[in-house]
Amino acid sequence: MKLGSLKEGGRDGTLVVVSSDLSRAVRVPKIAATMQAAIEDWETLAPELRSVARLLDDGKVPDAFALDVRTLASPFPRAYQWADGSSYLNHVELVRKARGAEMPPSFLHDPLMYQGGSDRFLGPTDPIPAASEDWGIDFEGEVAVVVDDVPMGISADRARAHIKLVMLVNDVSLRNLIPNELAKGFGFFHGKPPTAFGPVAVDPTSLGEAWDGGKLHLPLISTLNGKQVGNTDAGADMQFDFPALIAHAARTRPLSAGTIIGSGTVSNRDRSRGWSCIAEVRMIETIEEGKPKTPFMRFGDTIRLEMPDSSGRSVFGAIEQTVVRAGPAS
């Protein structure tokens, strides 16, 4: 089952069930008006939504319409909480090695996580606005899961059952703003503008063998200005799976239905697979050549992120965004 949100009906969009080939969709107002409404009553509503999805794939939904991905917002146009981990330790190791620091042993068993802005997400084809190229505009290809209500103090084993949807992510970063923020000792803010998500959220049961209950074993294809720069494996080199990340997030607080948990930048030790963000190749250049040479994104640059299944079909649809100059606030 694949679900999306049209850019209509207010800030939370209009929920649609999307065909497995991403070509058609149908509104389901009698089941749930929005994605948030669906996730809050998931046990009751998910079977009804799956039934519509089956009928849609069989061509038996008369109200179905051809889907234009440009009409889609993020599956959750906004959420009560967005917490992003950094579960691919190769990425963490490169960050620290590039600045001559060792990775603390605690990072092997204690996940990194930050809480990002969730009041407004970017849609899969929305532009990435920035006021200056000097901010160090970067993309970050990731995977995320959406949970229902999770109690505080849950174990990783029990957290697995709370994963209800899986999404593709572009966690936009402004790299040159981050060091000064971290130096203050109080975390990210300006360095993390609105995050973008792929066109549809997918029920894990629809992912087949690619989903093992905690990791998504699919390639993440990153294409920058028409050139493929990454073909990373989201299932490899992931130190902390999603149940572990959920348990970490819920250690001292319950998680409300609709909370989104991110994997962090997909990063592989096998460098032949490329990279899922510009910062990583710049770190490698710094380690090997003494300084980075690959530029961050500039106005007019376009990033495309997509995950094909074993048959080459797009699972979530593509995130395709162009960096634009942000105008002055009115």
Going residue by residue through region 189-207, is there one that turns out to be over 30 Å from residue 17 (Cα atoms), out of contact with any Leu (no Cβ under 8 Å at 6 or more places or on another chain), free of Cβ contacts under 8 Å to residues at least 12 places away in the same chain and not charged (D, E, K, R)? yes
Under the condition of being of a type in the set (Val, Ile, Thr) and over 20 Å from residue 234 (Cα atoms), which residue from region 247-283 is surrounded by the fewest Cβ atoms within 10 Å (Cβ to Cβ)? 252
Among the residues of region 28-60, how many are aliphatic (A, V, I, L, M), assigned to a loop (DSSP other than H, G, I, E, B) and either out of contact with any strand residue (DSSP E or B) (no Cβ under 9 Å at 6 or more places or on another chain) or open to solvent by 30 Å² or more (accessible area, probe 1.4 Å) (or both)? 2
Specify the residue that is surrounded by the most Cβ atoms within 10 Å (Cβ to Cβ); the eligible residues are those in region 288-330 that are out of contact with any helix residue (DSSP H, G or I) (no Cβ under 7 Å at 6 or more places or on another chain) and of a type in the set (S, T, N, Q). 321
Sort through 79, 66 and tell me the only one that's open to solvent by 70 Å² or more (accessible area, probe 1.4 Å) and hydrophobic (A, V, I, L, M, F, W, C). 66
For region 92-118, enumerate the residues that are within 18 Å of residue 168 (Cα to Cα) and either open to solvent by 70 Å² or more (accessible area, probe 1.4 Å) or free of Cβ contacts under 8 Å to residues at least 60 places away in the same chain (or both). 115
Condition first: of a type in the set (A, V, I, L, M), at pLDDT below 95 and surrounded by fewer than 16 Cβ atoms within 10 Å (Cβ to Cβ). Now tell me which residues in region 160-215 satisfy that. 182, 183
Looking at 157, 138, which one is acidic (Asp, Glu), under 30 Å from residue 210 (Cβ atoms), in contact with a Phe, Trp or Tyr (Cβ under 9 Å, 6 or more places away or on another chain) and modelled with pLDDT of 95 or more? 138
Which listed residue is on the phi < 0 side of the Ramachandran plot and either touching a Pro at 6+ places or on another chain (Cβ under 8 Å) or of a type in the set (Ser, Thr, Tyr) (or both), from 172, 147: 172
Could you give me the residue pairs with C-beta distances under 7 Å whose first residue belongs to region 141-152 and is modelled with pLDDT of 95 or more and of a type in the set (A, V, I, L, M, F, W, C), whose second residue is in a strand (DSSP E or B) and open to solvent by 10 Å² or more (accessible area, probe 1.4 Å) wherever it lies, and which are 6+ apart or on separate chains? 145/163; 146/164; 147/163; 147/164
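The values are calculated or read from the model by the stated rules, or taken from the named source; none is laboratory data. Predicted, not measured: the structure shown is a model, and the values here were computed from it. Ideal geometry is used to build each Cβ from the backbone, glycine not excepted, and the neighbour counts take in all protein chains shown. Only protein heavy atoms, including side chains, enter the accessible area calculation; ligands, DNA and RNA are left aside. Shrake-Rupley method; radii C 1.70, N 1.55, O 1.52, S 1.80 Å.
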